[in-house]
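K.L.:
First, the structure itself, so that you have it in front of you.
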Amino acid sequence: MTAGLTTACGTNNLDDLLVKAKRPPKGPVTVRWWAGKIPARDGGDMRPGIIRAFRRKHPDIHIETVKAPSTTDGSRVALTTQIGGGSATPDVYLGDTTWPAQFGANYLALPVESLVPKGFWDPYPRALMRASSLKGKVYAFRFYTDAAYLY
């Protein structure tokens, strides 16, 4: 799975979106996170725990979960249609390792390297960085230890 930022390409100029993405918003903000259930060892869903941990560090950011289809292919088709059609949501989504090139090339994801401090990517294996990138731009954060990314 991968995770990244959507462009809402049908409603905004890409350059304007990239400028906005580089500056943190002032005051409270809501982020819509497209993610299916993330199974926990006890059979529960890890999303609420992940959100609670995030909110402890970022109390001004409210996370609204947008239920995603249960299959990777279903999510890819739904996101491609939704974002490509100009929807302003979701803001962030979980996706598969094969998505960075497709989503980046089709303006369905924003580059994420400008959102992190210098040296952030240094511990990442080169192969992972190549899989997360397109034309020198990184389009996803690693989310799971196996093959999940955050767009």
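The values are calculated or read from the model by the stated rules, or taken from the named source; none is laboratory data. This one's a predicted model, so the numbers in the text were calculated from it and none came from an experiment. Every residue, glycine among them, receives a Cβ derived from its backbone with ideal geometry; neighbour counts consider all protein chains shown. Heads up: the accessible areas ignore ligands, DNA and RNA and are worked out on the full protein's heavy atoms, side chains in. Shrake-Rupley method; radii C 1.70, N 1.55, O 1.52, S 1.80 Å.
K.L.:
Find out how many positive minus negative residues lie around residue 129, taking Lys and Arg as positive, Asp and Glu as negative, among other residues whose Cβ is under 14 Å from that of residue 129.
P.N.:
For residues surrounding residue 129, the net value is +3.
K.L.:
Can you give the accessible area of residue 54, probe radius 1.4 Å, in Å² rounded to 10?
P.N.:
In the full protein context, residue 54 sits at about 80 Å².
K.L.:
Here's something else I'd like to know. Amide H of residue 34 versus every other amide H placed in the peptide plane: which residues, excluding those fewer than 5 positions away on the same chain, fall under 5 Å?
P.N.:
66, 91, 92, 93, 94
K.L.:
Moving on to the next point. Can you list residues whose amide H is under 5 Å from residue 62's amide H, if they're 5+ apart or on another chain and H is modeled 1.01 Å from N?
P.N.:
Amide H neighbours of residue 62: 29, 30, 31.
K.L.:
Now a separate question. What are the ³J(HN,Hα) values, in whole Hz, obtained from phi via the Karplus relation 6.51 cos²θ - 1.76 cosθ + 1.60 with θ = phi - 60°, for each residue of region 64-80 in sequence order, with x given for Gly and Pro?
P.N.:
Whole-Hz 3J(HN,Hα) from phi for region 64-80: 10, 7, 9, 5, 9, x, 7, 10, 4, 5, x, 5, 4, 5, 5, 5, 4.
K.L.:
For residue 142, what residues show an amide H to amide H distance below 5 Å, using hydrogens built from the backbone and excluding near sequence neighbours?
P.N.:
The list, which skips near neighbours in sequence, is 150.
K.L.:
Let me check something: with ligands and nucleic acids excluded, how do 41, 130, 47 order by accessible area (1.4 Å probe), largest to smallest?
P.N.:
The residues order as 41, 130, 47, largest area first.
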